[in-house]
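Rule-based calculations on the coordinates, nothing more; no lab input. What you are looking at is a predicted structure, and each value in this text was computed from that prediction instead of being measured. Because the Cβ atoms are built from the backbone with ideal geometry, glycine has one as well, and the counts that use them run over all protein chains shown.
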Amino acid sequence: MAKTDGEKVWRIVARVDDEIIVKQSDIVEKAIRSARNAVCQRLCKSAGINYELGWWKGRKHKDRRDFVDNFLGKPLYLLKDEKVEVEHHDVPCEVYTIEMVRLKFRKMTLLSPENIDAWGNLHWGQGDDEKFNLLGAKLPIPPHLCIGEDFEEEEVIAISDAQTCLDECPGCKSDVPFGTIILITEHFRLTPTQCCSQMIWTREKPSLDNEDWS
Ligand SMILES: [Zn+2]
C-alpha cells in the first residue's frame, strides 16, 4: 500500500549521557526546537539548575544553542511509524561537565563581584567545590562596548592583581582593596570591584607594554 506524504515526519535523535531523546514533527524547525528543549532540560537537571523557558532566545544566547546543538543528530524525513534507528542520525556522543552546563546557563546571572573570589573563581554555591576558575572561560562582552564590532564573547587569557595595575578603584576612586582582580581578555579588561561591587569593563589599549590604561 502506498504511503502518502502526510504520514512522513522529520525525526531528530539526541543523546545526553546514555539517554536517547527522540522528537518528531512535520516541520523540521519544530522537531529541532523540541529536541533542543529536551536536551536542555536534561542538562539542567544533571547540573542541578532550573530550566528556564526561552533559554535559547536572542543573539546573546547563541552560545547556549550551539552548546545544546552538539548533542543533536541529523534530522531525517521518514515515515512516522518507522523504527528509530539511532545510528542513521549520526548522533554525537557529546561529553560535557556539570561546570560547562552551569557556565553556559547561569554565567550571566552569576557574574557579579560577590561571586568572584581573589583567585578568579566564580562561585555558584556555598560549597567549596561549587566553583570554577574563570581563566580560560569565555565572558559575554556587554553589547555597548562593541558597537559596530561583533565580539560577543572573549576568553579570559590572564588574571591579574588589581592593586598592582590600578592606582584607584575605577568605580568609586577609593584605594583598591586587597584581593581585587582584573580579568583580561584580548580586547577588554573586567574588574569586579570589591569596594563598590561593580563589574567595570574597560577597553584594552592597543599598546601592549603600557599598563597605565585607566
Ligand atoms: Zn570601588
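One table, with the values for the structure above:
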| read-out | value |
| --- | --- |
| Segment Asp129-Glu204, extension gain: residue separation times 0.36 nm, minus the distance between their alpha carbons | 23.8 nm |
| Percentage relative contact order, the stretch 48-102, counting C-alpha pairs under 8 Å, at least six apart | 32 |
| Residues Phe178, Phe188, sorted so that the one with the fewest Cβ neighbours within 10 Å comes first | Phe178, Phe188 |
| Residues His187, His61, sorted so that the one with the fewest Cβ neighbours within 10 Å comes first | His187, His61 |
| Relative contact order of the stretch 8-98, defined on C-alpha pairs under 8 angstrom at six or more residues apart (%) | 39 |
| Value at 222 nm in deg cm²/dmol, rounded to 500, when DSSP H runs of n ≥ 4 in the chain each add -39,500 (n - 2.57) | -6500 deg cm²/dmol |
| Value of Rg/Rh across the stretch 8-98 [Cα atoms, Kirkwood radius] | 0.97 |
| Kirkwood Rh in Å, taken over all unlike Cα pairs in the chain | 19.9 |
| Relative contact order computed over the chain (Cα-Cα under 8 Å; 6+ residues apart), in percent | 14 |
| Built amide H within the under 5 Å cut-off of Leu139, gap 5+ | Glu154, Glu155, Val156 |
| For Lys131, distant residues with modelled amide H under 5 Å away | Trp124 |
| Proxy reagent accessibility, fewest Cβ within 10 Å first, across Leu76, Leu53, Leu145 | Leu53, Leu145, Leu76 |
| FRET efficiency, 1/(1 + (r/R0)^6) with R0 25 Å, evaluated for Asp69 and Asp26 via beta carbons | 0.75 |
| Mean Kyte hydropathy of -0.5 or more with a Cα span along the axis of at least 27 Å, helices from DSSP in the chain | 28-47 |
| Descending Cα extents along the principal axes, the stretch 57-179, whole Å | 69, 41, 21 |
| Gap separating the Cα centres of the stretch 36-59 and the stretch 13-34, nearest whole Å | 14 |
| Cα pair distances of the stretch 109-178 binned at 10 Å [whole percent] | 17, 38, 38, 6, 0 |
| For the stretch 64-103 versus the stretch 111-152, the gap between their alpha-carbon centres in whole angstrom | 28 |
